[in-house]
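Bear in mind that the values in this text are calculations on the coordinates, not laboratory data. Keep in mind it's a predicted model, so treat the numbers as computed, not measured. Glycine also receives a Cβ, built like all others from the backbone with ideal geometry; neighbour counts cover every protein chain displayed.
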Amino acid sequence: MQYSSIGDLSQSLQLRRYNAELSAELTRLSEEVTTGVTSDVGKTVGGDYRPLAGIESSLKAVETHQKIANEAAQFSSGMQSRLEHVQTQAEDISASLLSDAYTADPDTADIVARSARDAFHSTVSSLNGRDANGASYFAGTASDSDALASADVMLDELKLAVAGETTAAGVAAVVSDWFNAPGGGFETMGYLGSDDPPSDFRLSPDQTAGVEVTAADPAIRTVLEGLALAALVAEDIPAGDNAAQREMLDASRDLLLTGSDQVVTLRADVGYFEGAVADAETRNEAEKNALELARLEIIGVDSYEAAAQLEAVQTQLETLYSVTARLSQLTLADYLR
Amino acid sequence: MSISSALSNAVSGLTAASRAAEAVSSNTANAMTDGYGRREVELAARSGGAGGGVRVLGEQRMVEQGLISDRRVSQAAGAEAEVEVAFLSAHEDSIGTPGEPGSLTDRIDRVDSALLELSSQPDSQARQEETLNALNALTDQINTLSDEVQTARQDADATIDKNVDQLNASLEQVVDLNLQIQRNTISNLPTAALMDERQRVIDGIADLVPIKELPRDNGAVALVTTGGAVLVDGTAAELSFEPTPTIVPEMSLEGGTLGTVMLNGRPQNMETGGLAGGSLAGQFAVRDDLAVEAQAELDSLARDLVARFDDPAVDASLTAGDPGLFTDRGAAFDPADEVGLSARLTVNSAVDPDQGGALWRLRDGVGATAPGASGDNAQILAFHDALNDPAVPQSDAITGTQRSIAGLAAELASSVSTRHQNALSEQSYSNARTDSLLDLERAGGVDTDQELQKLLLIEQAYAANAQVIQAVDEMLKELMAI
């Protein structure tokens, strides 16, 4: 099509259109330079959000897993320190019982027995500990209840149970039954928690681990049994019979030696869990970094490049302005005056 | 006598110059008017009679009809794409981009995190509340998305009603203008202004339906759509439409509960029929195609959510047939009722203390009658697994492959976004074409430089003719002085 003239409107509207396009481009680039992230995500990913959504979900999940791993570490560390206390109590009392000084002197026996009774109280109160959120460490899934009845309550029950016994063997048998028999005193009113161990922690998307330790564990029962036997001696049971009481202290010493070894094994289990938690934390951290890099790869914008483009568009816009100004002066009407 | 014919020639020259000046003035006055056809005066030598002199044949309206037709067709396609893009863009915005707080995928992630945190402290009231809040936030958003889709359908329906009225009015106007132009042409009166007006009205129609203009006698035109429907040929066709003010997901065109445009009493297929291709067809595409597809995808997502949690293998406290964590407005889900599920999706009231439920059911199972061990997270971990396990969705509106719920939501967002990008590229192609055709059209418009140049000539011609008249006048006076 050959025109002998070009209409005014076409030029002016074209210039207006270029102006609008360049201004929009300028806005977009300014936003990208400032945020470092593309301004139109849909266009950048070409309409496929699945990889980006996967990364965002995983990032959020990893952060939560880190929180959980942290909480698991605190929980297991609390358990560990209390088990350490139990072990120390058992070892201390068994050490003083090993020295044999009490065999000759009933007063020394009394002192040891009373310190064993204190150790029993201290062990029970330690096992009844709760974490920062009020959840019980050793009550299994019944996290809102105490793990054990109070030391006094248990000792009173034991005193009732051994009331008729006169020999050391008899008392020891009753106490052993009380602690270890299924459905015995310990299981009915001594241990207040649940039969299920504490719930597992989901440390990472594919790893769920837990600590299978409650106060009803045989290791703890053995230690408690040993301390309880010696505590009963402090209560002068069987009454007046020093020889029997000495036998009971011997039995207590043997139980405590076995028990403290068993508690060490228990602590090793908790330690193994703590190791798994630490591993999970490291893995999660690495995962998080990798995910953040991947995310930037999809929607990130090289700020140097964006700044360079911004410069270029600015220059283009300025050129357009001067062209518009010049063209508007090119009109015949000005020259016909 | 030759002196009197000289006079008459000069007078005709003056008239021609005045007519030309009138055209120039009209052009310069309308230099900024879009859609104005540049006037040019056609002159021819007078023949017959004494001979000599100039005759004004008429005022020509310089428009390139071919360009205008092409531009109108492209304009219609652009208008249709614009309507579809508007819907898809709004829908994609509501769904949000992954990572954006409040987006659909983000809310699902929030539920995932809340359940995970709860698993670490199952007895924590704060974490139970956060889990309930996260669940409610998710269902609220799915409800809102569904409501927005239906509102878009209602808006489309209302716009169709308005457009049909507008179309009818415009067609009547075209018939009217046709009549006036025919009359003026026969009486040799100027028709340019009327044609400008008619072009403007037809441009308005071209947005709604793609139009072809066919010439008829005496300057009248007939209007036919590119699909073959005759809108104006002598008389205007009659369009009618039955609006539906309230639209719910179950309503559809195929089901007979929604209306379509009737042309002279015959129902039109807006996808492939005579009226297809413009923004009117675009509104129908939104109402009957895009929005229905969007609704189906949302319903499929909702159904998958419900199915993951009402399975007794996941929630041990339920029996088969009981409503699970997600319900269809309180009741269990019935596969026959999938349409519109996303609008009715709610969290089971059994876990909401504000509705007579209890938060410990998030830990112990939706159907639990009494609280279980406070530190037991087995059910919570089961819920978390249910959320994340890849499963084939029961209805395949989104996809038929195994996905976790987050993956399914990402697929939904992707499919909407892909449709949006496609519609955008259609739109930008049409717009680019329309723009370039418009540029060519306007290039043939008024150029003030050229008009001023013509004015110079006209001034000269007028002055020359006036001089001739003066000279003839002198000659006659000489004659009279004898």
field: C-alpha long axis of helix B:65-95 to longest principal axis of chain B, angle in °
entry: 20
- prompt: When the Kirkwood radius is taken over all Cα pairs of segment B:1-86, what Stokes-Einstein diffusion coefficient follows at 37 °C and 0.692 mPa s, in µm²/s?
  reply: 202
- prompt: Near B:LYS454, which aspartates and glutamates are there with a Cα under 12 Å away, not counting those fewer than 8 places off in the same chain?
  reply: B:GLU22, B:GLU40
query: Between A:ASP254 and A:THR188, how many nm apart are label points set 7 Å from Cα along the C-beta direction?
result: 2.8
statement: A correct fewest-to-most ranking of B:TRP360, A:TRP178 by other Cβ atoms within 10 Å would be B:TRP360, A:TRP178
message: Using the basic label-point model (7 angstrom from Cα toward the beta carbon), what is the A:GLU212 to B:SER252 distance in nanometres?
response: 5.5
- request: Work out Dmax and Rg for segment A:89-138 from the C-alpha atoms and quote the Rg first, both in angstrom.
  value: 14.9, 49
Euclidean distance of C-alpha centroids, segment B:82-117 and segment A:273-293, integer Å: 28
message: Running a GNM on chain A with Cα contacts under 10 Å, which residue among A:VAL264, A:VAL233, A:VAL211 ends up with the highest mean-square fluctuation?
response: A:VAL264
field: Gyration tensor verdict on segment A:121-188 (Cα atoms; rounded if a/c is under 1.5, prolate if a/b is larger than b/c, oblate otherwise)
entry: prolate
message: If I stretch the segment between A:ALA286 and A:THR315 completely, what's the gain in nm (0.36 nm per residue apart, minus their alpha carbon distance), one decimal?
response: 6.1 nm
query: Over all residues in B:120-126, what is the mean tally of Cβ atoms on other chains that come within 10 Å of each residue's Cβ?
result: 6
query: What Kirkwood hydrodynamic radius, in Å, does the protein assembly as shown give when the mean of 1/r is taken over all pairs of distinct Cα atoms and then inverted?
result: 35.3
Under the span-like rule (Cα at least 20 Å along the axis, Kyte-Doolittle mean at least -1.0), DSSP H helices of chain A: A:8-35, A:50-98, A:106-127, A:218-234, A:242-299, A:303-329
- prompt: Add -39500 (n - 2.57) for each DSSP H run of 4 or more in chain A, then divide by its residues: what number comes out at 222 nm, to the nearest 500 deg cm²/dmol?
  reply: -24500 deg cm²/dmol
statement: In this structure, the FRET efficiency calculated for A:ALA294 and A:ASN70 from their beta-carbon separation, with R0 = 25 Å, to the nearest 0.05, is 0.55
statement: With 0.36 nm assigned to each residue of separation and the Cα-Cα distance removed, B:ALA332 to B:ASP140 gains 67.3 nm
- prompt: Using 1/(1 + (r/R0)^6) with R0 = 45 angstrom and r between the beta carbons of B:ASP449 and B:GLN166, what's the FRET efficiency to the nearest 0.05?
  reply: 0.70
message: Averaged across B:418-424, how many Cβ atoms of other chains sit within 10 Å of each residue's Cβ atom?
response: 3
- request: Compute from the Cα atoms of chain B the Rg and the Dmax, the latter being the longest Cα-Cα distance, and quote both in angstrom.
  value: 36.0, 139
query: For B:ALA126 and A:LYS159, what does the FRET efficiency come to when R0 = 30 Å and r is the distance between their Cβ atoms, rounded to the nearest 0.05?
result: 0.10
task: Partner chain Cβ atoms within 10 Å, averaged over the residues of A:138-147 - can you pull that number for me?
output: 4
